[in-house]
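Notes follow the structure.
The values are calculated or read from the model by the stated rules, or taken from the named source; none is laboratory data. Computed from a predicted model, the values in this text were never measured in an experiment. Don't worry about glycine lacking a Cβ; one is built from the backbone with ideal geometry, like all the others, and counts go over all protein chains shown. Heavy atoms of the whole protein, side chains included, go into the accessibility calculation; ligands, DNA and RNA do not. Shrake-Rupley method; radii C 1.70, N 1.55, O 1.52, S 1.80 Å.
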Amino acid sequence: MKIILTEDAEQAAEQVAAVILARLAAKPDLVLGLATGSTPIGVYRRLREAHARGEADFSRVRTFNLDEYLDLAPDHPQSYHHFMRVHLFEGVNVPAEHVRFPPSQGDGLLARCEAYELAIREAGGIDLQLLGIGRNGHIGFNEPTSSLASRTRIKTLTQRTLEDNARFYAPGEEQPVLASTMGIGTILDAREILLQAHGAKKASAVRAMVEGPVSAFFPASALQLHPRVTAFLDPDASRLLTLREYYGQAATYSRRLRTEGRL
Ligand code: PGA
(Lines give C-alpha, C1' and ligand atoms only; values in the text may rest on other atoms or scores of the structure.)
Protein backbone atom coordinates (compact mmCIF):
# COMPACT_ATOMS: atom_id res chain seq x y z
CA MET A 1 0.00 0.00 0.00
CA LYS A 2 1.36 3.39 -0.94
CA ILE A 3 1.02 5.91 1.88
CA ILE A 4 0.88 9.63 1.13
CA LEU A 5 1.25 11.82 4.20
CA THR A 6 -0.47 15.09 3.37
CA GLU A 7 -0.30 18.40 5.23
CA ASP A 8 -4.06 18.48 5.71
CA ALA A 9 -7.34 17.22 4.30
CA GLU A 10 -7.38 19.99 1.68
CA GLN A 11 -4.04 18.92 0.27
CA ALA A 12 -5.24 15.30 0.23
CA ALA A 13 -8.36 16.30 -1.71
CA GLU A 14 -6.21 18.28 -4.15
CA GLN A 15 -3.96 15.28 -4.78
CA VAL A 16 -6.79 12.76 -5.12
CA ALA A 17 -8.65 15.05 -7.53
CA ALA A 18 -5.44 15.47 -9.55
CA VAL A 19 -5.08 11.69 -9.91
CA ILE A 20 -8.71 11.32 -11.03
CA LEU A 21 -8.34 14.12 -13.56
CA ALA A 22 -5.13 12.61 -14.91
CA ARG A 23 -6.77 9.19 -15.29
CA LEU A 24 -9.76 10.85 -17.00
CA ALA A 25 -7.50 12.70 -19.43
CA ALA A 26 -5.81 9.40 -20.30
CA LYS A 27 -9.10 7.46 -20.60
CA PRO A 28 -12.18 9.58 -21.37
CA ASP A 29 -14.48 6.57 -20.80
CA LEU A 30 -13.13 6.03 -17.30
CA VAL A 31 -15.16 3.76 -15.01
CA LEU A 32 -15.26 5.28 -11.54
CA GLY A 33 -16.26 3.63 -8.26
CA LEU A 34 -17.57 6.38 -6.01
CA ALA A 35 -17.78 6.83 -2.25
CA THR A 36 -19.99 9.01 -0.07
CA GLY A 37 -19.54 10.39 3.46
CA SER A 38 -17.76 13.53 4.59
CA THR A 39 -14.34 12.38 3.35
CA PRO A 40 -14.68 12.73 -0.47
CA ILE A 41 -16.59 16.04 -0.49
CA GLY A 42 -13.46 18.13 -1.17
CA VAL A 43 -12.49 15.85 -4.06
CA TYR A 44 -15.92 16.15 -5.66
CA ARG A 45 -15.82 19.94 -5.30
CA ARG A 46 -12.53 20.03 -7.20
CA LEU A 47 -13.94 17.79 -9.95
CA ARG A 48 -16.91 20.15 -10.32
CA GLU A 49 -14.56 23.12 -10.46
CA ALA A 50 -12.36 21.45 -13.08
CA HIS A 51 -15.45 20.75 -15.17
CA ALA A 52 -16.68 24.35 -14.79
CA ARG A 53 -13.29 25.60 -16.02
CA GLY A 54 -13.68 23.37 -19.09
CA GLU A 55 -10.80 21.14 -17.99
CA ALA A 56 -12.69 17.88 -17.47
CA ASP A 57 -15.24 16.17 -19.69
CA PHE A 58 -17.26 13.43 -17.97
CA SER A 59 -19.56 12.70 -20.93
CA ARG A 60 -18.16 9.20 -21.44
CA VAL A 61 -17.53 8.39 -17.77
CA ARG A 62 -19.50 5.62 -16.06
CA THR A 63 -19.95 5.58 -12.30
CA PHE A 64 -20.81 2.86 -9.80
CA ASN A 65 -21.49 3.90 -6.24
CA LEU A 66 -20.26 1.76 -3.38
CA ASP A 67 -23.42 1.58 -1.34
CA GLU A 68 -26.87 2.92 -0.51
CA TYR A 69 -29.29 2.71 2.40
CA LEU A 70 -32.20 0.37 1.93
CA ASP A 71 -35.60 2.02 1.45
CA LEU A 72 -34.47 5.64 1.51
CA ALA A 73 -36.08 7.35 -1.46
CA PRO A 74 -33.51 8.74 -3.93
CA ASP A 75 -34.57 12.28 -3.04
CA HIS A 76 -34.28 11.69 0.73
CA PRO A 77 -31.63 14.11 2.02
CA GLN A 78 -29.70 11.27 3.70
CA SER A 79 -29.75 8.98 0.68
CA TYR A 80 -26.50 8.55 -1.18
CA HIS A 81 -28.34 9.25 -4.44
CA HIS A 82 -29.05 12.72 -3.04
CA PHE A 83 -25.50 13.12 -1.73
CA MET A 84 -24.00 12.31 -5.10
CA ARG A 85 -26.37 14.60 -6.95
CA VAL A 86 -25.55 17.54 -4.71
CA HIS A 87 -21.82 16.98 -4.37
CA LEU A 88 -20.93 15.76 -7.85
CA PHE A 89 -23.52 14.96 -10.50
CA GLU A 90 -25.22 18.37 -10.64
CA GLY A 91 -21.84 19.94 -11.34
CA VAL A 92 -20.38 17.59 -13.96
CA ASN A 93 -21.67 16.12 -17.22
CA VAL A 94 -21.90 12.40 -16.43
CA PRO A 95 -24.98 11.28 -18.41
CA ALA A 96 -27.74 10.11 -16.03
CA GLU A 97 -27.84 6.71 -17.74
CA HIS A 98 -24.14 6.20 -16.91
CA VAL A 99 -24.78 6.53 -13.15
CA ARG A 100 -25.43 3.34 -11.19
CA PHE A 101 -26.09 2.50 -7.55
CA PRO A 102 -26.59 -0.89 -5.92
CA PRO A 103 -30.30 -1.69 -5.55
CA SER A 104 -31.97 -0.13 -2.53
CA GLN A 105 -35.71 -0.12 -3.27
CA GLY A 106 -38.29 -2.80 -3.93
CA ASP A 107 -37.90 -6.57 -4.19
CA GLY A 108 -35.63 -9.07 -5.87
CA LEU A 109 -32.71 -7.35 -4.18
CA LEU A 110 -30.21 -10.18 -4.35
CA ALA A 111 -30.86 -10.80 -8.06
CA ARG A 112 -30.43 -7.07 -8.64
CA CYS A 113 -27.19 -7.10 -6.61
CA GLU A 114 -25.96 -9.77 -9.05
CA ALA A 115 -27.13 -7.58 -11.94
CA TYR A 116 -25.07 -4.74 -10.43
CA GLU A 117 -21.98 -6.94 -10.47
CA LEU A 118 -22.74 -7.84 -14.09
CA ALA A 119 -23.16 -4.18 -15.03
CA ILE A 120 -19.72 -3.43 -13.56
CA ARG A 121 -18.20 -6.27 -15.57
CA GLU A 122 -20.01 -5.16 -18.74
CA ALA A 123 -18.62 -1.66 -18.29
CA GLY A 124 -15.17 -3.25 -18.39
CA GLY A 125 -14.60 -3.21 -14.60
CA ILE A 126 -13.87 -0.29 -12.31
CA ASP A 127 -10.73 1.62 -13.29
CA LEU A 128 -10.52 3.80 -10.21
CA GLN A 129 -12.28 3.26 -6.89
CA LEU A 130 -12.53 6.01 -4.25
CA LEU A 131 -12.79 4.92 -0.64
CA GLY A 132 -13.14 6.28 2.85
CA ILE A 133 -12.80 4.14 5.95
CA GLY A 134 -15.12 3.69 8.90
CA ARG A 135 -13.80 3.73 12.46
CA ASN A 136 -14.62 0.02 12.66
CA GLY A 137 -12.64 -0.65 9.49
CA HIS A 138 -15.56 -0.85 7.10
CA ILE A 139 -15.08 0.01 3.44
CA GLY A 140 -18.37 0.62 1.68
CA PHE A 141 -20.77 -0.93 4.15
CA ASN A 142 -18.70 -4.07 4.53
CA GLU A 143 -18.93 -4.31 8.28
CA PRO A 144 -16.55 -6.41 10.43
CA THR A 145 -16.60 -10.14 9.52
CA SER A 146 -17.72 -9.43 5.95
CA SER A 147 -16.17 -12.10 3.76
CA LEU A 148 -13.01 -10.88 2.10
CA ALA A 149 -14.44 -12.45 -1.09
CA SER A 150 -17.89 -10.84 -0.72
CA ARG A 151 -19.77 -9.37 -3.67
CA THR A 152 -22.59 -6.81 -3.83
CA ARG A 153 -25.29 -7.74 -1.31
CA ILE A 154 -27.38 -6.49 1.59
CA LYS A 155 -25.70 -5.84 4.94
CA THR A 156 -26.96 -5.01 8.40
CA LEU A 157 -25.14 -2.00 9.84
CA THR A 158 -23.35 -2.29 13.17
CA GLN A 159 -24.27 -0.18 16.17
CA ARG A 160 -20.97 1.68 15.78
CA THR A 161 -21.75 2.67 12.20
CA LEU A 162 -25.26 3.72 13.17
CA GLU A 163 -23.81 5.91 15.93
CA ASP A 164 -21.19 7.39 13.59
CA ASN A 165 -23.91 8.35 11.11
CA ALA A 166 -26.53 9.44 13.67
CA ARG A 167 -25.31 13.04 13.35
CA PHE A 168 -26.98 13.26 9.95
CA TYR A 169 -30.45 12.43 11.32
CA ALA A 170 -32.80 14.63 13.31
CA PRO A 171 -33.54 13.41 16.85
CA GLY A 172 -36.29 10.78 16.61
CA GLU A 173 -35.89 10.41 12.84
CA GLU A 174 -35.70 6.77 11.75
CA GLN A 175 -32.21 5.73 10.65
CA PRO A 176 -31.81 2.90 8.14
CA VAL A 177 -30.23 -0.24 9.58
CA LEU A 178 -29.84 -2.04 6.25
CA ALA A 179 -27.85 -1.13 3.18
CA SER A 180 -26.75 -2.60 -0.13
CA THR A 181 -23.03 -2.48 -0.70
CA MET A 182 -20.36 -3.64 -3.13
CA GLY A 183 -18.49 -6.50 -1.52
CA ILE A 184 -14.85 -6.56 -0.54
CA GLY A 185 -14.22 -8.84 -3.52
CA THR A 186 -15.95 -6.27 -5.76
CA ILE A 187 -13.74 -3.48 -4.39
CA LEU A 188 -10.56 -5.55 -4.76
CA ASP A 189 -11.38 -6.08 -8.46
CA ALA A 190 -10.93 -2.34 -9.15
CA ARG A 191 -7.72 -1.66 -11.06
CA GLU A 192 -6.70 1.19 -8.77
CA ILE A 193 -7.92 2.35 -5.37
CA LEU A 194 -7.55 5.77 -3.75
CA LEU A 195 -8.44 5.90 -0.07
CA GLN A 196 -8.59 9.00 2.09
CA ALA A 197 -8.70 9.26 5.88
CA HIS A 198 -8.86 12.50 7.80
CA GLY A 199 -8.90 13.31 11.49
CA ALA A 200 -7.84 11.74 14.78
CA LYS A 201 -10.91 9.58 15.01
CA LYS A 202 -9.63 7.55 12.05
CA ALA A 203 -6.09 7.07 13.44
CA SER A 204 -6.53 3.61 14.96
CA ALA A 205 -8.50 2.40 11.93
CA VAL A 206 -5.70 3.60 9.65
CA ARG A 207 -3.10 1.77 11.73
CA ALA A 208 -5.09 -1.47 11.56
CA MET A 209 -5.65 -1.08 7.81
CA VAL A 210 -1.97 -0.44 6.98
CA GLU A 211 -0.05 -2.32 9.66
CA GLY A 212 -2.48 -4.81 11.15
CA PRO A 213 -3.11 -8.39 10.10
CA VAL A 214 -5.41 -9.08 7.17
CA SER A 215 -8.68 -10.03 8.76
CA ALA A 216 -12.37 -10.08 7.94
CA PHE A 217 -12.82 -8.54 11.39
CA PHE A 218 -11.18 -5.40 9.99
CA PRO A 219 -12.38 -5.20 6.37
CA ALA A 220 -10.06 -2.38 5.22
CA SER A 221 -7.07 -4.62 5.97
CA ALA A 222 -8.07 -6.57 2.83
CA LEU A 223 -6.66 -3.66 0.84
CA GLN A 224 -3.20 -5.03 1.70
CA LEU A 225 -3.98 -7.73 -0.89
CA HIS A 226 -4.51 -5.19 -3.69
CA PRO A 227 -1.54 -4.24 -5.89
CA ARG A 228 -2.43 -0.59 -6.45
CA VAL A 229 -3.84 1.19 -3.41
CA THR A 230 -2.81 4.71 -2.40
CA ALA A 231 -3.90 5.99 1.01
CA PHE A 232 -3.92 9.78 1.46
CA LEU A 233 -3.70 10.55 5.18
CA ASP A 234 -3.75 13.83 7.04
CA PRO A 235 -1.42 14.19 10.08
CA ASP A 236 -4.11 13.25 12.60
CA ALA A 237 -5.15 10.13 10.71
CA SER A 238 -1.55 8.93 10.26
CA ARG A 239 -0.30 9.68 13.77
CA LEU A 240 -0.49 6.11 15.12
CA LEU A 241 1.41 4.49 12.25
CA THR A 242 4.50 2.72 13.57
CA LEU A 243 6.48 3.27 10.37
CA ARG A 244 5.16 6.77 9.63
CA GLU A 245 8.61 8.24 9.05
CA TYR A 246 9.49 5.44 6.64
CA TYR A 247 6.34 6.07 4.56
CA GLY A 248 7.36 9.71 4.19
CA GLN A 249 10.86 8.72 3.05
CA ALA A 250 9.48 6.12 0.63
CA ALA A 251 7.25 8.74 -0.97
CA THR A 252 10.23 11.07 -1.38
CA TYR A 253 12.33 8.40 -3.11
CA SER A 254 9.43 7.35 -5.30
CA ARG A 255 8.84 10.98 -6.32
CA ARG A 256 12.52 11.32 -7.17
CA LEU A 257 12.45 8.26 -9.45
CA ARG A 258 9.32 9.59 -11.14
CA THR A 259 10.83 13.04 -11.66
CA GLU A 260 13.89 11.42 -13.20
CA GLY A 261 11.57 9.58 -15.59
CA ARG A 262 12.81 6.21 -14.34
CA LEU A 263 9.44 4.65 -13.42
P1 PGA B 1 -16.84 9.52 6.56
O2 PGA B 1 -17.28 8.00 6.48
O3 PGA B 1 -16.24 9.87 5.25
O4 PGA B 1 -18.12 10.29 6.81
O5 PGA B 1 -15.87 9.62 7.68
C6 PGA B 1 -16.39 7.05 5.97
C7 PGA B 1 -17.00 5.68 6.05
O8 PGA B 1 -17.75 5.41 7.00
O9 PGA B 1 -16.73 4.85 5.17
Starting at the first residue of segment 8-24, write each ³J(HN,Hα) from the Karplus equation 6.51 cos²θ - 1.76 cosθ + 1.60 with θ = phi - 60°, in whole Hz, x for Gly and Pro.
6, 5, 5, 5, 4, 4, 4, 5, 5, 4, 5, 5, 4, 5, 5, 5, 5
Might you report the magnitude of the Cβ-based charge dipole of the chain about its Cα centre, with Lys and Arg at +1 and Asp and Glu at -1, to the nearest 20 debye?
820 debye
For the chain, set up a GNM with springs between Cα atoms under 10 Å and report which of 40, 213, 103 has the largest fluctuation.
213
Diffusion coefficient in µm²/s returned for segment 26-98 by Stokes-Einstein, Kirkwood Rh over C-alpha pairs, 4 °C and 1.567 mPa s, is 102 µm²/s
Under 20 Å from the 7 Å Cα→Cβ point of residue 257, by amide nitrogen: which residues of segment 177-198?
192-194
Compactness relative to 2.2 N^0.38 Å, alpha carbon Rg of segment 186-238:
1.09
Checking a compactness column here: for segment 60-106, what do you get for Rg(Cα) / (2.2 N^0.38 Å), N being the number of residues?
1.10
For segment 26-65 and segment 231-263, compute the distance between their C-alpha centroids and round to whole Å.
25 Å
Subtracting the Cα-Cα distance from 0.36 nm times the residue separation, let me have the gained length for residue 246 to residue 226 in nm, one decimal.
5.2 nm
Charge sum, other residues only, whose C-beta stays under 11 Å from residue 140's C-beta, Lys/Arg counted +1 and Asp/Glu -1:
-1
Could you tell me how far the Cα centroid of segment 106-163 sits from the Cα centroid of segment 171-208, in Å?
9 Å
Can you check what the Kirkwood hydrodynamic radius comes to for segment 224-263, Cα pairs only, in Å to one decimal?
11.8 Å
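Tell me what the chain gives for mean residue ellipticity at 222 nm when only DSSP H runs of n ≥ 4 count, each as -39,500 (n - 2.57), the sum divided by the residue total, rounded to 500 deg cm²/dmol.
Using -39500 (n - 2.57) per qualifying helix, the result is -10500 deg cm²/dmol.
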Semi-axes of the equivalent ellipsoid for segment 70-138, Cα gyration tensor, largest first, Å
19, 17, 16
Give me the distance in nm between label points sitting 7 Å out from Cα along the Cα-to-Cβ direction at residue 170 and residue 53, one decimal.
4.0 nm
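Determine the share of the chain's accessible area contributed by carbon and sulfur atoms, expressed in whole percent, with a 1.4 angstrom probe.
With neighbouring chains kept in place, the figure for the chain is 52 percent.
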Taking 0.36 nm per residue of sequence separation and subtracting the Cα-Cα distance, how much length would be gained by fully extending the chain between residue 22 and residue 201, in nm to one decimal?
61.4 nm
Two decimals, Cα atoms only, Kirkwood Rh: what is Rg/Rh over segment 125-263?
1.02
How much accessible surface area, in Å² rounded to 10, belongs to the heavy atoms of residue 5 with a 1.4 Å probe?
60 Å²
Heavy atoms of residue 53: accessible area, 1.4 Å probe, square angstrom to 10:
140 Å²
Solvent-accessible area per residue, Å², over segment 54-175 with all protein chains present [probe radius 1.4 Å]
47 Å²
Taking the chain as a Gaussian network, where each spring joins two C-alpha atoms under 10 Å apart, which residue of 183, 172, 124 fluctuates the most?
172
How fast does segment 2-259 diffuse by Stokes-Einstein, in µm²/s, taking the Kirkwood radius from C-alpha pairs at 37 °C and 0.692 mPa s?
177 µm²/s
Taking θ = phi - 60°, what integer Hz values does the Karplus form 6.51 cos²θ - 1.76 cosθ + 1.60 yield along segment 134-147, in sequence order, with x for Gly and Pro?
x, 4, 8, x, 6, 10, x, 10, 7, 7, x, 6, 4, 4
